[in-house]
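Peer 1: Handing you this structure, nothing more for now.
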Amino acid sequence: MTASPALAQDASVDERLDRLEALVEGLIERLDAQAGEAEQQNAAQAAENEAMRQQAEAALEATRALETRQAEMSAKLVDPGVDNGDGFSVGKTRITYDGYVKFDAISQRTSGGQLPGNSILRDFLIPVAIPVGGEASGFDTDFSARQTRFLFKTETDVGTDHKLTGLIELDFNVTEGGNERISNSFTPRIRQALISYDNWTFGQGWSTFQNVGALPDTLDFIGVTPGTVFDRQPLVRYTNGGLQIAVEQPETVITAQDGSRVIAGDDQLPDVVGRYNWSGDWGNFTAAGIVRQLHVSTDDLMGVDDSAWGYGLSLSGKLKVGERDDFRFMATAGDGLGRYIGLNIVNDAAINMDGSLDPIFTYSGFAAYRHVWSDKLRSNIAGAYFKADNPVQLTTNQVTDESWNGFVNLIWSPVGPINIGVELMYAERTLEDGRSGNLQRVQFSTQYNF
């Protein structure tokens, strides 16, 4: 209601501008028609006519500029501060946002036991949680929208010599709250919170050791979980072209002599990561290395204060195949990498009989092929593998020895922002004593990106 007088005034101004533009254009036409006669008149008269023509053209240009400004003013009355849906400004800070709404319907069975109801273990593949040694379950079906995600980005004008940006990302995954009986209300959680100033990044984000861009196009939360580096944590990172160097949060995770997990919390030095990224028309390739100090103090296990070094190398990338297909991969190996691989399938180290640390060696990897059938239809097929060299005499034979999985999917995008897909997955976990359990899953998902 309050905008109506302004809009009516805009319409009146537009009518007057149209009439003025028509009069000016008519004057120019008459001057053009008299051009032949002007050539036959004296030079003074011709110069006068040319001056009148230039003045008329200037008036026409001013009229069109006024129309443009009037249109901009009208747009601001309707939607102040918003530029084509791309965000809005507050002072010197530009704020944009994106994310997605995702619905998952999953039906799965496990051969070695029952996954608990209303549990995150049912929402996506967690290899270490695949049951072993129990009775097979039936197919259990769950609906969820917990992967829905929202992300804010900011960019503040601090002059031409520097660049200052921020990022905050939220979702509802792996959090408390909600139940399938009444509300399904889950608590939001922070995924990423980053400050970037020129070449420096501070905050919580994806580990520099992980190449997120190599992950396949999947309906499952990760897809190739057993074979991928996967970690978000607080960090300080320096970037210069393809080079990245970072110090990141340390956290030593130990397997006690009864096979249980102990998180020591006595770390002294940050994890140090170096990485280099190459890219071109062929795709992209990343090499990343990590060095860690694993530490346990006297208030934890067996009263011993000890440290050991962990290290690892990860090679990954996405290579273009033909015009639209691509091949994605990762291969990672190292000592004391436990919590970085496959959602912590095994731990970083075991405890020797004298209480000292014995880092656990692991290797893992995945490969995925993406085929685009048409502008609206694509498929992915992928497989992943993980293997640990556990010192069984220190960890017992009830810890995970290896895990693998494979999946295939078909994804349809009827319009750009919408993905509708179906995915079939098989996953398996084997213990050091040789027993194994598997998971079979069919998943249907709809995702709207905004």
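Peer 1: Which value results when the Cα radius of gyration for segment 276-432 is divided by 2.2 N^0.38 Å? Mind showing how you got there, number by number?
Peer 2: Details: Rg = 20.0 Å, N = 157, 2.2 N^0.38 = 15.0 Å.
Against the empirical 2.2 N^0.38 Å value, I get 1.33 for segment 276-432.
Peer 1: Then there is this: Top to bottom by accessible area (1.4 Å), largest first, where do Phe450, Phe386 land? Let's see the in-between values first.
Peer 2: Numbers: Phe450 80, Phe386 0 Å².
The ordering from most to least exposed comes out as Phe450, Phe386.
Peer 1: Which value, in debye to the nearest 20, describes the size of the charge dipole of segment 157-248 about its Cα centre when Lys and Arg Cβ atoms bear +1, Asp and Glu Cβ atoms bear -1, and nothing else is charged?
Peer 2: Magnitude of the dipole: close to 120 debye.
Peer 1: Which entries of Lys92/Lys163; Lys102/Lys153; Lys102/Lys320; Lys102/Lys387; Lys102/Lys163; Lys320/Lys387 have Cα-Cα distances beyond 23 Å here? Don't jump to the answer; show the numbers that get you there.
Peer 2: Details: Lys92/Lys163 12 Å; Lys102/Lys153 21 Å; Lys102/Lys320 28 Å; Lys102/Lys387 32 Å; Lys102/Lys163 33 Å; Lys320/Lys387 29 Å.
The pairs that break the limit, which is 23 Å between Cα atoms, are Lys102/Lys320; Lys102/Lys387; Lys102/Lys163; Lys320/Lys387.
Peer 1: Next question, about the same structure. Rolling a 1.4 angstrom probe over the protein heavy atoms, how many square angstrom per residue are accessible across segment 263-339? Walk me through the numbers before you get to the answer.
Peer 2: Numbers: 3710 Å² over 77 residues.
Heavy-atom accessible area per residue stands at 48 Å².
Peer 1: What accessible area, in Å² to the nearest ten, does a 1.4 Å probe give for Phe139?
Peer 2: 120 Å²
Peer 1: Could you order Thr395, Thr430, Thr298 by accessible surface area, starting with the largest, using a probe radius of 1.4 Å?
Peer 2: These residues rank, largest area first, as Thr298, Thr430, Thr395.
Peer 1: If you average over every viewing direction, what projected area does the convex hull of the Cα atoms of segment 89-185 give, in nm²? Walk me through the intermediate numbers first.
Peer 2: On the way: hull surface 36.6 nm².
Convex hull of Cα atoms, orientation-averaged projection: 9.2 nm².
Peer 1: FRET efficiency for Asn240 and Asp325, Cβ-Cβ distance as r, R0 = 25 Å, nearest 0.05?
Peer 2: E(calc), rounded to 0.05, equals 0.20.
Peer 1: On to the next question. Just to confirm the filter: which GluC sites (Glu not before Pro) across segment 168-219 are DSSP coil and have at most 16 other Cβ within 10 angstrom of their Cβ?
Peer 2: Glu176, Glu180
The values are calculated or read from the model by the stated rules, or taken from the named source; none is laboratory data. On a predicted model such as this, the values are computed, not experimentally measured, just so you know. So basically every Cβ, Gly included, is an ideal-geometry build from the backbone, and we count neighbours across all protein chains shown. Keep in mind that these areas ignore ligands, DNA and RNA; they rest on the heavy atoms of the full protein, side chains included. Shrake-Rupley method; radii C 1.70, N 1.55, O 1.52, S 1.80 Å.
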